[in-house]
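K.L.:
Right, I'll just put the structure down here and ask away after.
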């Protein structure tokens, strides 16, 4: 019999609560008694925030097995459920809720026993970390101390264990090669393996992808391929085949850009087929690149470990330090740091440990040579394949940084999101949150505030003392930055007591937005906006004063940039390599902030003048659940593919934009318009490959006509009955968080009592990635969510067999959407967006040839013109809810979908 830790344990789900004492007796209990028991003595539990939510007791604490798992097995994946924990520890999974407390006792003993095992692979650093956790009174510390012996010799602590990155020469320009189609087909065969079934469409797709690697014929005109490839074509290996062949023959680097972290993880796995080992010189052939804010900052971590964090956040810092020593790349957001670790601590501390804007001191950091971010940047310069995201590719191109690494061969997977990413990247937002960030970067932290942020004077003290002109520029910039909003700016706006020209402008923005609001207070929980038009003279005067204040800051920053360039061109004797790197980093940070100020000035310059047809401007008050958190002026390009074409396409030699939902039906016009091709007068190469799936036999679309719009009770009842009919395995998609929460609150308990767990974004204290992991792991669970779950979620197999949309996903009627709708053809523009969203949602359902399922839309008036969003041949039927329940219960093509036993 497996040993169990003789401590009391608790498990709570929507279906009830169970307590188990240290003698092996389990009993059901009410929430009140469970709360009293939890408050009286530390209990073994799994995922304390989730249990606290189930009990309605937010202050719950105890011996959380997820925290213990993070200590014993840092950087190791586990689904944070009883079933997931059992699988990770090779224990029998519980067959019912009342068996979970016994599992927790056995799992706790298994984890503690691991620490006494001489073969424990993550032993190094554990004893040192435990001493710190003991001082912090971590509940697990006394139990671990009894199992973990002091090492025979001193352990290498985290900062001594991490390897240093090494400088490497720039790669030479890639050789100009052409890829024969036969060679591409042969490479694809090598990647798929000799036993794989023949996929003619995948081979044809790979040959199309090969076109982007041909030598460019004219400067500024890249090869541009737009390729729609339905689910199941095998896009990833399809473009990796010519990409790996070209990298091998040319010595160049291919960048693959994605929109979701899930696809990045998939690409990392698939790329091992093309690059199974390191280069002969020890460099990595495949590197994942993300924005700086995704990575652990070692200096932030050191500050946290040395007293910068207190209470529970200090415990988190110790567990993150354990992880950092074993992490593959230091990626905290979507990497090998468990997504649930931050939620165990209510997300306190995770963001503070990442690299924040304006914080990095580059070579001035004592951990610079071990920095995860710098290591990834240098590794990507030597890589054959760089896996990045749309935002990073565009930001690098827009800011002109990493010239040696600027991609010339690019594949944009999830290409239907390129427009959205460009829209965000090339936007301008003059807001309180943005301006206070700039103030802190120039001046440093406010008096009395915590943190290690340093202003320009502290960062460049040696420059100021050496170069008189540079010192004067720093002093002038610091003086000018006093005009920017400071701490407490939002409260001052609420009290109508703004300080300085920028706060006065923001106060005018706020007053104008509320004055023009026509919602009648019905949308008190959501943000408000109004056009930046018909502004009165007083508003324009405040805008001009703010513009002058921004110009007074930009001018000395420009002078400082010139002085830094001069110092780098003619370095003084005291400027060593580290100092040079630090000044180079400061120059890059300075450059993009100068561009930011120029964009803000241009935005303010237009207020009160004639409208520029290229842009859409508006004023906004950002709110969340009736609480204001930002105020500002926004500008977006009417067509963001214009700057995308200039900054990304024009400098490239070959670009492929690919997706399963690139076109609008058979029409290429939208895809071409959203590629940027027109701005460079490129005629893109167009290709389409239909999915190999038998949608007529594998899927069915049901339009439910008798659930009244706006009737939350009827909506909740429909979701509950559909989940019951399907036996779980339901992905529910909502267009409003408020309705999602209302539906979840009405049905979660009832479903759980029948063995059908229900999870939800914006309800459960679990990050989205972990929610999807839980959903994928349990075929009887269901998941409710919003836009983030409509695209990029890959749950093949029986775990997802029914997708339910609460209504037609109409676009939000914002000022920006109204302008684009007017320019894009009115209702036809709306229809394109809706069909794309429906196609993306439907794409979650059938992910393999074995998948079967239904796609349900609860809409009494679903327009027929939108039905072309679904793959050709898919059966589409308008039915009542009762008819839909019958069809869902019997499965597709009359085959009953089996229900699996509860986990």
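We did not get these values from a lab; they are worked out from the coordinates using the rules stated. Predicted model, so just to flag it, every value in this text is computed and none were measured. Don't worry about glycine lacking a Cβ; one is built from the backbone with ideal geometry, like all the others, and counts go over all protein chains shown.
K.L.:
Per the helix-only calculation at 222 nm, which mean residue ellipticity applies to the chain, given -39500 (n - 2.57) for every DSSP H run of n ≥ 4 and division by its residues, nearest 500 deg cm²/dmol?
P.N.:
-13000 deg cm²/dmol
K.L.:
How high is the FRET efficiency between residue 113 and residue 23 when r is their beta carbon distance and R₀ equals 22 Å, given to the nearest 0.05?
P.N.:
0.60
K.L.:
Here's a follow-up. By how many nm would the segment from residue 721 to residue 152 lengthen if fully extended, with 0.36 nm per residue of separation less the alpha-carbon distance?
P.N.:
This chain segment gains 198.7 nm when fully extended.
K.L.:
Next up: If you take the beta carbon distance between residue 96 and residue 31 as r and set R0 to 22 Å, what does 1/(1 + (r/R0)^6) give as a FRET efficiency, to the nearest 0.05?
P.N.:
That pair, residue 96 with residue 31, gives E of 0.70.
K.L.:
Could you quote the convex hull projected area for the stretch 9-155, Cα atoms only and averaged over all directions, in nm²?
P.N.:
That works out to 9.0 nm², a quarter of the Cα hull's surface.
K.L.:
Which order do 772, 562 fall in if you start with the one that has the fewest other Cβ atoms within 10 Å? Mind showing how you got there, number by number?
P.N.:
Numbers: 772 26, 562 13.
The order, fewest Cβ neighbours first, is 562, 772.
K.L.:
Which percent, to the nearest 5, of DSSP beta bridges fully inside the stretch 695-894 are antiparallel? Don't skip to the end; give the middle numbers.
P.N.:
Values: 0 of 24 bridges.
Just about 0 percent of them are antiparallel.
K.L.:
While we're on this one: For an R0 of 56 angstrom, estimate the FRET efficiency from the Cβ-Cβ distance between residue 61 and residue 690 and round to the nearest 0.05.
P.N.:
About 0.55, to the nearest 0.05.
K.L.:
Which residues among the stretch 618-656 fall inside the zone where the amide N is under 11 Å from a point 7 Å beyond the Cα of residue 517, along Cα→Cβ?
P.N.:
Only 621-624, 626-628 fall inside the zone, counting backbone N under 11 Å.
K.L.:
Tell me, what are the semi-axes, in whole angstrom and largest first, of the equivalent ellipsoid of the stretch 429-637 as set by the roots of 5 times the Cα gyration tensor eigenvalues?
P.N.:
The equivalent ellipsoid of the stretch 429-637 has semi-axes of 36, 18, 14 Å.
K.L.:
Residue separation times 0.36 nm, minus the C-alpha to C-alpha distance between residue 268 and residue 817: what's the value?
P.N.:
194.1 nm
K.L.:
Could you work out the per residue convex hull volume over the alpha carbons of the stretch 691-762, in cubic angstrom? It would help to have the intermediate numbers written out before the result.
P.N.:
Values: hull volume 9.1 nm³, N = 72.
Hull volume normalised by residue count: 127 Å³.
K.L.:
Is the shape of the stretch 852-893 best called rounded, prolate or oblate, per the rule: a/c under 1.5 gives rounded, else a/b larger than b/c gives prolate, else oblate, with a ≥ b ≥ c the square roots of the Cα gyration tensor eigenvalues?
P.N.:
oblate
K.L.:
Order by neighbour count: 615, 213, fewest other Cβ atoms within 10 Å first, most last.
P.N.:
Ranking 615, 213 by Cβ neighbours within 10 Å, fewest first, gives 615, 213.
K.L.:
Residues in the stretch 705-736 near a label at residue 754, defined as backbone nitrogen under 14 Å from the 7 Å Cα→Cβ point?
P.N.:
716-730
K.L.:
What is the fewest-to-most order of 622, 548, 518 by other Cβ atoms lying within 10 Å of their Cβ? Provide the component values of the computation, followed by the final result.
P.N.:
Working: 622 18, 548 13, 518 7.
The most exposed by this proxy come first: 518, 548, 622.
K.L.:
Residue separation times 0.36 nm, minus the C-alpha to C-alpha distance between residue 581 and residue 177: what's the value? Walk me through the numbers before you get to the answer.
P.N.:
Values: separation 404, 0.36 × 404 = 145.44 nm, distance 3.54 nm.
Between residue 581 and residue 177, full extension yields an extra 141.9 nm.
K.L.:
Residue 551 versus residue 134, label points 7 Å from Cα toward the beta carbon: distance in nm?
P.N.:
If labels sit at residue 551 and residue 134, their model points lie 6.5 nm apart.
K.L.:
Considering every pair of different Cα atoms, what Kirkwood radius, in Å, is found for the chain? Walk me through the numbers before you get to the answer.
P.N.:
Numbers: mean 1/r = 0.0333 Å⁻¹.
When all Cα pairs of the chain are included, the Kirkwood radius is 30.0 Å.
K.L.:
With label points built 7 Å along Cα→Cβ from the Cα atoms of residue 867 and residue 420, find their separation and express it in nm.
P.N.:
2.7 nm
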